[in-house]
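Just below is one structure, and these are the notes that go with it.
Read the figures in this text as sums done on the coordinates, not as results from a lab. What you see is a predicted model, and the numbers here were worked out from it, not measured in a lab. All Cβ positions, even for glycine, are placed from backbone atoms using ideal geometry, and neighbour counts span all protein chains on display.
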Amino acid sequence: MSARRSAYAAALLTTLAIAGTAGCAAAGAGTPAHHTATPAPAAATGDLTITSPYLPKPVDTSMAAAYFVVRDAGAADHLDRVTAPGFAREVRAHTTKNDKMIMVRGYDVPAHGTLTLARGGNHLMLMTLSRMPRPGQTVTLRLYFAKAGRVDVKVPVKAATYRPPDDDGGDGGMDHMGGGGHGAR
Ligand SMILES: [Cu+2]
């Protein structure tokens, strides 16, 4: 009886420990990346799931960048347009080529593939913010896909230096806010 009870208690402790670890990783407070399987989807529509959205705290309200990953379990799609109702006057799709940001007309989502928005690559630019976003808050992005339709994604505001646990690292040299290359001609 008491052996069973302590076994149960041990199992419970293990569960709590795992939950605690996951909470830590989610908070992203400088903890080493836990290379887990596919992260839990933040949103889904049709064959598409959106994971790991984040918006690094910007310098000011003139602009902010936003990133996420779209996984496609079906046919090819296209992210046509993004808005941030009540938060940004305009959302632009940018990509990075030869260390320069260029505006693009949305992004292809490959069939049975992945569209990745990440530092140094594809990213969304939110222009003219209605308020200063603070870490711990969320911002809603509205994504319009050609086939999968419209989906809202709650994007957590993170520290300016935040990187998601599943970030492969990249070279880190072309940080949107740090590089100063954006908008410069
Ligand atoms: Cu940009």
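Miscellaneous remarks
- Overall, the range 87-150 carries a charge dipole of about 180 debye about its Cα centre when +1 sits on the Cβ of Lys and Arg and -1 on the Cβ of Asp and Glu, all other atoms neutral.
- A simple spin-label model places pseudo-atoms 7 Å from Cα toward Cβ; at Ser62 and Glu90 they are separated by 1.5 nm.
- Cα-based shape type of the range 43-163, given that a ≥ b ≥ c are square roots of the gyration tensor eigenvalues and the cut on a/c is 1.5: prolate
- For the peptides 127-135, 38-46, 67-75, 147-155, the ranking by packing is 67-75, 147-155, 38-46, 127-135, with the highest mean count of neighbouring Cβ atoms within 10 Å listed first.
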